[in-house]
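S.K.: Sharing a structure, written as structure tokens. Questions coming.
The values are calculated or read from the model by the stated rules, or taken from the named source; none is laboratory data. Model, not experiment: these values are computed from the prediction. Cβ: placed from backbone, ideal geometry, glycine included. Neighbour counts: every protein chain shown. Calculation scope for accessible area: heavy atoms of the full protein, side chains included, ligands and nucleic acids excluded. Shrake-Rupley method; radii C 1.70, N 1.55, O 1.52, S 1.80 Å.
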Amino acid sequence: MEKVPENPSKNRKGDFTPLVVVTAFLVTLYLIANLMAVKIITVGSLSLFDAGTITFPFAYMLGDVLAEVWGYKVAKKVIILTFIANAMLVIFTSIGIILPYPDYMEDVQIAYTTIYSYVPRIVVASLVSFLLGELANAKVLVWMKERQKDGRNLWMRTIGSSAVGYLFDTVFFVIIAFTGTSPAEDIVSMILVQYAAKLLIEAIAGTPLAYGAIGYLKRKYL
């Protein structure tokens, strides 16, 4: 049975490690997703998904890279770090709302307040769904890898683990973020369409990128 390495220092060349790069991109993608999630995409009168949905498969792809290359323990630490970064986003943008501003910036203040007053709810929804989804994603990927002794069929692990992670992520996020502000039929449609959209983006773009990133990291640093 292949043992997944858990110590990133063993894979280090120099001080600026690949783990730092992967972590930075993962944190950034989740921060972007939480800001974009305020905007809902609709077709006709039907709400389909929030704009942040387009970044989530790429964040999950990086979660797959973390779990595949560095193991579950390291992936869990990065997930917790991302959790903290999102909490900081809420704290400091909320402080920005109450700070004084000049009269000629009133329009900007109104727009800022409108967006960032809603962000805390989005981030709370994201934090809950993120922890459940990403931890499930990483756990399932490592579990599948341990049972695939030859380490092949990476696509099965990335898509299979994401299918489980997206289920937790999408259901909890949509319910927490939009209950009370969107009709029940829109909430149901957003859950279904978001889940399908995330899996589609994962299959078309996320998995090929994961193959490239994991293959490169294993050849060059492991």
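S.K.: Over the alpha-carbon set of the stretch 136-182, work out the extent along each principal axis and list the three values in angstrom, largest first.
M.R.: Answer, in whole Å and largest first: 49, 15, 8 Å.
S.K.: While we're here: Indicate the helices, whole DSSP H runs only, in the chain that combine a mean Kyte-Doolittle hydropathy of 1.6 or more with a Cα extent along their long axis of 24 angstrom or more.
M.R.: Helices meeting the criterion: 18-36, 72-98.
S.K.: For the chain, take every pair of Cα atoms, bin their distances at 10 Å starting from 0, and report each bin as a whole percent.
M.R.: In order of increasing distance, the bins hold 8, 32, 31, 19, 8, 2, 0 percent.
S.K.: Calculate, for L99 and V188, the FRET efficiency according to 1/(1 + (r/R0)^6) with r their C-beta to C-beta distance and R0 41 Å; round to the nearest 0.05.
M.R.: About 0.55, to the nearest 0.05.
S.K.: Quick one: of K145/K218; K76/K139; K76/K218; K77/K139; K145/K198, which pairs are farther than 18 Å apart, Cα to Cα?
M.R.: K76/K218; K145/K198
S.K.: At 1.4 Å probe size, with every protein chain present, just tell me what the per residue accessible area of the chain comes to in Å².
M.R.: The answer is 51 Å² per residue.
S.K.: State the percentage of accessible surface on the chain attributable to carbon and sulfur atoms; use a 1.4 Å probe and exclude ligands, DNA and RNA.
M.R.: Answer for the chain: carbon and sulfur cover 71 percent of the accessible area.
S.K.: With labels modelled as points extended 7 Å from the Cα through the Cβ direction, what inter-label distance (nm, one decimal) is found for T181 paired with K73?
M.R.: Each label point lies 7 Å from its Cα, and together they span 4.0 nm.
S.K.: In whole angstrom, and with the biggest value first, how far do the Cα coordinates of the stretch 119-222 range along each principal axis?
M.R.: Rounded to whole Å, the extents work out to 49, 24, 23 Å.
S.K.: If you don't mind, another one. Compute the relative contact order of the chain as a whole-number percentage, counting only Cα pairs closer than 8 Å that sit 6 or more residues apart in sequence.
M.R.: Relative contact order here is 28 percent.
S.K.: Let me check I've understood the local charge: for V174, count other residues with C-beta under 14 angstrom from its C-beta, Lys and Arg +1, Asp and Glu -1. What total comes out?
M.R.: Residues close to V174 contribute a combined charge of -2.
S.K.: For q = 0.14 Å⁻¹, what log10 I(q)/I(0) does the stretch 88-145 give under the Debye formula with an equal point scatterer on each alpha carbon and no solvent?
M.R.: With no solvent term, the Cα-only Debye profile gives -0.54.
S.K.: Can you give the net charge of the other residues whose Cβ lies under 12 Å from the Cβ of L192, counting K and R as +1 and D and E as -1?
M.R.: -1
S.K.: Turning to a different aspect of this structure: Given bins 10 angstrom wide, list per bin the percent of all Cα-Cα distances in the stretch 48-155, short to long.
M.R.: 13, 35, 25, 16, 8, 3, 0
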